[in-house]
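A.B. asks: Dropping the structure in here first, questions after.
The values are calculated or read from the model by the stated rules, or taken from the named source; none is laboratory data. Predicted model only: the values in this text are computed from it and were never measured. Please note: Cβ atoms are built from the backbone with ideal geometry, for glycine as well, and neighbour counts cover all protein chains shown. Side chains are part of the model used for accessible areas, which takes the heavy atoms of the whole protein and leaves out ligands, DNA and RNA. Shrake-Rupley method; radii C 1.70, N 1.55, O 1.52, S 1.80 Å.
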Amino acid sequence: QVQLKESGGGLVQAGGSLRLSCAVSGRTFSSHAMGWFRQAPGTEREFVAAISWNGGITYYSATVKGRFNISRDNVKNLVYLQMSSLKSEDTAVYYCARAPTSWSRDPRSFDVWGQGTQVTVSS
């Protein structure tokens, strides 16, 4: 059974940086694209970034492009989200998710989710 566990969230001042990690159990990690999503109170879960199975292709939402960087380590079964120049509007619970063979930026297309990690950016 595949399990995802996020870590690295916390409280940071605006303009600061954080790196989130997602540890993935299971042998099929390296064959799946992976994504990061976030959800602020009262809002729908939104796409943040995704990375192809081998790390060769990355995707970002317009709101984080140029500030966030997604990467992966297929040896350690880890996915990272490096967040820089953080803004108060980045405050949310951040989720790691596994993509099935066919996926889109719609969170409903991802099939396995972690429990999330809180990121709070103070202004």
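A.B. asks: Sort out the exposed loop trypsin sites (Lys or Arg not before Pro) in the chain (DSSP loop, at most 16 other Cβ within 10 Å) and tell me the longest stretch that has none.
C.D. replies: 28-66
A.B. asks: Just 48, 64, 79 to compare: in a GNM of the chain, with alpha carbon springs under 10 Å, which one fluctuates most?
C.D. replies: 64
A.B. asks: Once you compute Rg and the Kirkwood Rh from C-alpha atoms, what is the Rg to Rh ratio for the chain?
C.D. replies: 0.94
A.B. asks: Follow-up. Can you compute the charge dipole magnitude of the stretch 4-69 about its Cα centre, using +1 on each Lys and Arg Cβ and -1 on each Asp and Glu Cβ, nothing else charged? Give it in debye, rounded to the nearest 20.
C.D. replies: 120
A.B. asks: Give the dimensionless ratio obtained when the Cα radius of gyration of the stretch 1-57 is divided by 2.2 N^0.38 Å.
C.D. replies: 1.33
A.B. asks: For the pair residue 3 and residue 82, what calculated FRET efficiency results from E = 1/(1 + (r/R0)^6), where r is the Cβ-Cβ distance and R0 = 25 Å, to the nearest 0.05?
C.D. replies: 0.65
A.B. asks: Springs between alpha-carbon atoms under 10 Å, Gaussian network over the chain: tell me which of 101, 91, 58 tops the mean-square fluctuations.
C.D. replies: 101
A.B. asks: Quick check on the chain: of the DSSP beta bridges with both residues there, what percent are antiparallel, nearest 5%?
C.D. replies: 90
A.B. asks: Let me ask something else. Name the residue from 52, 99, 18 whose Cα lies farthest towards the positive end of the charge dipole of the chain, charges +1 on Cβ of Lys and Arg and -1 on Cβ of Asp and Glu.
C.D. replies: Farthest along the dipole direction, towards plus: 52.
A.B. asks: Another question about this same structure. What is the spin-label model distance, in nm, from residue 104 to residue 75 if the labels are put 7 Å beyond Cα along the C-beta direction?
C.D. replies: Output for this residue pair reads 3.8 nm.
A.B. asks: Nothing charged except the Cβ atoms of Lys and Arg (+1) and of Asp and Glu (-1): what's the magnitude of the dipole of the chain about its Cα centre? Round to the nearest 20 debye.
C.D. replies: 220
A.B. asks: Taking a 1.4 Å probe, which of 90, 73, 111 shows the most accessible area, and what order do the others take after it?
C.D. replies: 111, 73, 90
A.B. asks: Can you list the equivalent-ellipsoid semi-axes of the stretch 61-123, largest first and in whole Å, using the square root of 5 times each Cα gyration tensor eigenvalue?
C.D. replies: Semi-axes from the Cα gyration tensor: 22, 14, 13 Å.
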